[in-house]
Amino acid sequence: MLQPYVGVIVKVLLIAIFSNCCLAKPSRSRFTNYTHYRLPESLKPEHYTLKIVTSLDPLHLTFAGEVIIRFQVLIGTGNITLHARNLTIDENSIELIKYDDNESTRYAIDAVRVMGEHDYFIIHSCLALLRGETYALKLVFRAPLNQLLYGYYRSSYVDQVTNETKWMSVTQFEPTYARTAFPCFDEPNFRAKFKIWLGHQKSLVALSNTPLAKQEKMYSESNETDDYVWSIFEETVPIPTYLVAYSVNNFTYKLSGNYGVKFYTWCRPDIINECEFTAQIAPELYKFFESLLAMSLPFTKMNQLFVPNFRARAMENWGLITYRESLLLCSLNSSSEMSRQRIATLVAHELAHQWFGNAVTLKWWSDIWMNEGFATYMSILGVHHLNSNWNFLQIESMNNILDVLEYDVQVNSHALTQGIKSTIQITSSFDLLAYKKGAMLVRMLHMVVGDDVFLNGIREYLSKFLYTADNYGSLWNSFSIRAHTYQRLETRNNIKIVLHSWTSQTGYPLLKVIRNYSNDSASVTQQRFFLNSSRGKNATKRCWWIPITLASASRLEFYKLRPSYWLECKKNKQNINITLSGMAATGDWIIFNVQMMGLYRVMYDADNWALLNGTLNSDKYTQIHVLNRAQLIDDSLALAWAGYMNYRLTLDILNYLQYEKDYLPWRTALRGFIKLDNILKGYEKQYKLFTNFLKYLILPTYNRLHGLNSTQNEKEISYIDLMHKTQISYWACYLQIDDCVNASKQYFANWKNSNINQIPTNLRLTVYSTAIRYGEQSDWEFLWQYLQESNNVVSEQRTIIQALTCSRNEITLRNFLDLIFNNTKYRQDSVAAFEGIARNKIGFPIAKNYLIEHFDQLRDYGTISRDVINLILSLARQVTSMENNIGILEFLAKKRNIFRHSWKTILSAVEITQLNIGWIRRYRAVVHNNLRRRNLKRGKNPTRPK
């Protein structure tokens, strides 16, 4: 079908003055091997004319193309080195042309070489390419549309009306997959303009980065037309290759946006109504960023494309944002308010990227945290603007901080700024730290310098470096100058130095605050925090520039966000300890790190902890800011786990939760309880004491929120209260508190009997999970059947899959793993299903054995990718004894060569198992004794707070 067009995709119009040819073919042995991981700096691409013809014939899912790259020579050279992978390039059709005024010269090609290690395609010319001259390189290529969910690949869905499989093509080029779709200079610093032509059947839709300029018939070499057309798109501004995007499909769209930029939200026709929410919020978010950053980008049209099979969550391609379909579909009847919030967060993140990462690009991937960190933080501001009732600024900031504090504590974690020397390292750098630690450092910076310095610094930077690649160094300088001018930062301090201390080293600090109550002073020191405190004794000394904010019982300065002091570092990274005077009166508590501004934990002396504990367990607990109450909970749990603090004090602090009415402290506590639940559930005596303690804490709040039997409409409850009710109800049912299980089973039975789902949307995970966990096998089969047959279930698919993992039937769980991994419909949710089964006490050995026995199949399915690594990490988190650890360690050792490129992550998994086993050895008896004493004490004094 496509072969007749390959030779005529482009007719290069030129007048050949003369053709330079090599008189004799020299030996290829004279060519020097170029082995550096970065492309040479000798050439600078300026413009691509890219023509792609796509066949979506089920028997011939292929593409063929031609690219003409115009480039300038910066340093004289005898070759052109660019990227290409998995492409069949017609070496006989390579053309190299030099332009001189109105004339052109065709250069002869001496040799072509392929260097697979770095995906280099090297073209040697007979004559040298001269500095300052402009050339054009033409390459003709072809390849199949792959199934790997990257590069230029194929995706499909089943039409609900005709039951036919429909095919589409789509790109995913970040970070290094443009080279698998067309030969190119595939590095982020090589920005160039693109003119894209897409050849396709005229019954289909073609999309790319820019609006369609025109469409014309496609002619074969015999001048006969068929049903193919060219869709020719407007030229782009200079963009890097990873932001190029195109797709051929038969989708329809929702149009939105009532000002300059029109949004076209594309999805398959039978789910068009579930795209409505994304179509509604995108223009508002875009307008917010445009106003906040005081910069209009040259868009008149923004495409948003819902892709049925998409490995990433989303991709911020210039002008054509792609999303994983299942993450964005929103049904008015079955989608919860929390689902809407998650959708808004994802959309906001990709739109923020249009400025952060697209308008200005990083020179190299080693600082990808800057792209992702800024986009993540800006998305928080955007979602908070979209709906302030969600309290997203506080909630998401806290969630991100807690994620970072949990993830970055491991010895085998890594610095934000990394040495990137291979494509595998590039891919693995897109991790939680890049997004969340990066975002929270930007948040910390924002709080330090204030709104005016922060926003004006960004605006100036974006304006100055628009459509270029930079390393953000100029932005830090801009912040410093403005911060000094507005007296937000002492002139001897520098933002670049401050941030470097946080981005160049692994982990985060533990602040130790020891008060001297005789003179109202406090000594403040820092050290790296470890989950096993004994590691700190022999660890390399680290130092961070730490902004210090504080409040006390007599000075409730929780909204004073500018640092009162800095804990500084010497030039050799040695700590500078400080003593602060005038802290607080003897009977007053103090709290450092107001509103969790900084990424660090705080350890106080015993007396200050006692003062804080006394306040929390009284009617004055609300004097402490809600974020700092959450901080005290998380710090006390982590400090006790690591051995810095006695569990008796931690349990005393947690006792106050029976009074707590706010969502955030409970959210933090429940996260911590998950970890203890995982590690204790294999030890019956300790687990019973632990769950009794949790019931004691949760029951007052469960009753205050009216359990599951509230007659109040969800729409009449505030979003925060709804989330609070959701999380408390889930745990109440999990712990079989009061009537929670019976109420859930009744909800589920009513649905089964009537076939009408009246379960409150935000309680569906609770009800589904409880019905599966404590119900009959017929309940599992009903929910599985519903997942299979319902046409309106896509938006709650993850909820149902998560609930199905709660079964206590071994055969059912084993079969479910087969069902979920072997059905392409659920491929994107398979990791979540595996993780759910691994967390299930009965399911852990089933998940472990499944991974070991089916590893080769799973490896083909996901390659040695983030997905497969996540399966291993999910098992590691459940390991609490050497007995269930041996099989995993033996498996990892056996597959060591396969994991060689991900070995640091594998070491993290091993470290998690060692930490869990070590905790059991050191603290199981300690926790048992403390919980037993508390239970005996409650037995003597069983009254509960009102």
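The values are calculated or read from the model by the stated rules, or taken from the named source; none is laboratory data. A quick note: this is a predicted structure, and the numbers were derived from the prediction, not measured. Quick reminder, even Gly has a Cβ in these numbers, built from the backbone with ideal geometry, and neighbours come from all protein chains shown. Keep in mind that these areas ignore ligands, DNA and RNA; they rest on the heavy atoms of the full protein, side chains included. Shrake-Rupley method; radii C 1.70, N 1.55, O 1.52, S 1.80 Å.
Being over 30 Å from Lys685 (Cβ atoms), surrounded by 18 or more Cβ atoms within 10 Å (Cβ to Cβ), free of Cβ contacts under 8 Å to residues at least 60 places away in the same chain and not polar (S, T, N, Q) is true for just one of Leu851, Leu875. Which residue is that?
Answer to the check: Leu851.
Which members of the stretch 589-642 meet the condition of being part of a helix (DSSP H, G or I) and of a type in the set (S, T, N, Q)?
If the condition is that a residue be part of a helix (DSSP H, G or I) and of a type in the set (S, T, N, Q), then Gln595, Asn608, Asn613, Thr615, Thr622, Gln623, Asn628, Gln631, Ser636 are the ones that fit.
Restricting to the stretch 90-110, what's the tally of residues that are open to solvent by 50 Å² or more (accessible area, probe 1.4 Å) and within 16 Å of Pro183 (Cβ to Cβ)?
Looking only at that region, the number is 3.
Return the pairs, sorted by first residue and then second, in which the second residue is open to solvent by less than 10 Å² (accessible area, probe 1.4 Å) and not in a helix (DSSP H, G or I), the first residue lies in the stretch 640-666 and is more than 14 Å from Met603 (Cα to Cα), the beta carbons are less than 7 Å apart, and the residues are 6+ apart or on different chains.
Going by the 7 Å Cβ cut-off, the qualifying pairs are Trp666/Glu660.
Which ones in the stretch 166-205 are part of a strand (DSSP E or B), more than 23 Å from Ala314 (Cβ to Cβ) and open to solvent by 20 Å² or more (accessible area, probe 1.4 Å)?
Listed by number, the residues that qualify are Lys193, Lys195, Trp197, Gln201.
Testing Ser291 on (1) part of a helix (DSSP H, G or I); (2) open to solvent by 10 Å² or more (accessible area, probe 1.4 Å); (3) in contact (Cβ under 8 Å) with a residue 12 or more places away in the chain, one condition comes back false. Which one is that?
Among (1) part of a helix (DSSP H, G or I); (2) open to solvent by 10 Å² or more (accessible area, probe 1.4 Å); (3) in contact (Cβ under 8 Å) with a residue 12 or more places away in the chain, Ser291 violates only (3).
Test of understanding: among Ser463, Ser474, Ser478, which residue is surrounded by fewer than 19 Cβ atoms within 10 Å (Cβ to Cβ), within 30 Å of Trp318 (Cβ to Cβ) and in contact with a Phe, Trp or Tyr (Cβ under 8 Å, 6 or more places away or on another chain)?
Ser474
Being surrounded by 17 or more Cβ atoms within 10 Å (Cβ to Cβ), modelled with pLDDT of 95 or more and part of a strand (DSSP E or B) is the filter here, so list the residues in the stretch 206-227 that pass it.
Across the stretch 206-227, the qualifying residues are Ala206, Leu207, Ser208.
What do you reckon, is Asn389 open to solvent by 10 Å² or more (accessible area, probe 1.4 Å), in contact with a Phe, Trp or Tyr (Cβ under 8 Å, 6 or more places away or on another chain) and polar (S, T, N, Q)?
In short, yes.
Scan the stretch 565-584 for residues that are open to solvent by 50 Å² or more (accessible area, probe 1.4 Å) and of a type in the set (A, V, I, L, M) and jot them down.
Matches in the stretch 565-584: Ile576 only.
Collect the residues in the stretch 460-496 that are within 31 Å of the chain's Cα centre (by Cα) and more than 23 Å from Lys363 (Cα to Cα), keeping them in residue-number order.
Ala483 - this is the single residue of the stretch 460-496 that is within 31 Å of the chain's Cα centre (by Cα) and more than 23 Å from Lys363 (Cα to Cα).
Check Lys688 against each of (1) open to solvent by 50 Å² or more (accessible area, probe 1.4 Å); (2) touching a residue at least 12 places away in the same chain (Cβ under 8 Å); (3) of a type outside the set (Phe, Trp, Tyr) and name the one condition it does not meet.
If we test Lys688 against (1) open to solvent by 50 Å² or more (accessible area, probe 1.4 Å); (2) touching a residue at least 12 places away in the same chain (Cβ under 8 Å); (3) of a type outside the set (Phe, Trp, Tyr), just (2) comes out false.
A quick yes/no check of all residues on (1) among the charged types (D, E, K, R); (2) outside the structural domain of Phe392 (by the TED database); (3) open to solvent by less than 60 Å² (accessible area, probe 1.4 Å):
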| position | (1), (2), (3) |
| --- | --- |
| Ile717 | no, yes, yes |
| Ser729 | no, yes, yes |
| Cys733 | no, yes, yes |
| Ile737 | no, yes, yes |
| Lys745 | yes, yes, no |
| Asn762 | no, yes, yes |
| Leu765 | no, yes, yes |
| Tyr768 | no, yes, yes |
| Arg773 | yes, yes, yes |
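Counting just the residues of the stretch 930-946 that are modelled with pLDDT under 85 and not in a loop (DSSP other than H, G, I, E, B), which one comes out surrounded by the fewest Cβ atoms within 10 Å (Cβ to Cβ)?
Lys940
Considering the stretch 542-554 alone, what residues qualify as being outside any loop (DSSP other than H, G, I, E, B), of a type in the set (A, V, I, L, M, F, W, C) and touching an Asp or Glu at 6+ places or on another chain (Cβ under 9 Å)?
Within the stretch 542-554, Ile546, Leu550, Ala551 qualify.
If you take the residues in the stretch 305-322 that are in contact (Cβ under 8 Å) with a residue 60 or more places away in the chain and part of a strand (DSSP E or B), which one is farthest from Gly357 (Cα to Cα)?
Val307
Consider Ala439 carefully, then state whether it is in the same structural domain as Lys287 (by the TED database), surrounded by 21 or more Cβ atoms within 10 Å (Cβ to Cβ), in contact (Cβ under 8 Å) with a residue 40 or more places away in the chain and not aromatic (Phe, Trp, Tyr).
no
For the stretch 889-921, what are the residues that are farther than 22 Å from Ile424 by Cα, free of Cβ contacts under 8 Å to residues at least 12 places away in the same chain and either open to solvent by less than 20 Å² (accessible area, probe 1.4 Å) or polar (S, T, N, Q) (or both)?
Matches in the stretch 889-921: Gln914 only.
For the stretch 111-160, enumerate the residues that are farther than 30 Å from Thr32 by Cβ, crowded, with 18+ Cβ neighbours inside 10 Å and of a type in the set (Ser, Thr, Tyr).
The answer is Tyr150, Tyr152, Tyr153, Ser155, Tyr157.
Kindly indicate which of Ala749, Ala832 is free of Cβ contacts under 8 Å to residues at least 24 places away in the same chain, open to solvent by less than 40 Å² (accessible area, probe 1.4 Å) and of a type in the set (Gly, Ala, Ser).
Checking each option against the conditions leaves just Ala749.
Looking only at the stretch 600-623, count every residue that is touching a strand residue (DSSP E or B) at 6+ places or on another chain (Cβ under 8 Å) and crowded, with 18+ Cβ neighbours inside 10 Å and tell me the total.
Result for the stretch 600-623: 7.
To keep it simple, each residue is scored yes or no on (1) at pLDDT 90 or above; (2) over 27 Å from the mean Cα position of the chain (by Cα); (3) surrounded by 15 or more Cβ atoms within 10 Å (Cβ to Cβ); (4) assigned to a loop (DSSP other than H, G, I, E, B).
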residue: Leu499; (1), (2), (3), (4): yes, no, yes, no
residue: Ser523; (1), (2), (3), (4): yes, yes, no, no
residue: Phe530; (1), (2), (3), (4): yes, no, yes, yes
residue: Thr540; (1), (2), (3), (4): no, yes, no, yes
residue: Pro563; (1), (2), (3), (4): yes, yes, yes, yes
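Quick check: is even one residue across the stretch 658-674 open to solvent by 20 Å² or more (accessible area, probe 1.4 Å) and more than 33 Å from the chain's Cα centre (by Cα)?
Scanning the stretch 658-674, I find at least one residue that is open to solvent by 20 Å² or more (accessible area, probe 1.4 Å) and more than 33 Å from the chain's Cα centre (by Cα), so the answer is yes.
Residues that are open to solvent by 10 Å² or more (accessible area, probe 1.4 Å), out of contact with any Ser or Thr (no Cβ under 9 Å at 6 or more places or on another chain) and either in the same structural domain as Gly65 (by the TED database) or assigned to a strand (DSSP E or B) (or both): does the stretch 78-89 have at least one?
Yes: one or more hits.
Count, please, the residues in the stretch 255-287 that happen to be open to solvent by 40 Å² or more (accessible area, probe 1.4 Å) and either in contact with a His (Cβ under 9 Å, 6 or more places away or on another chain) or not assigned by the TED database to the domain that holds Arg324 (or both).
Final tally of qualifying residues: 1.
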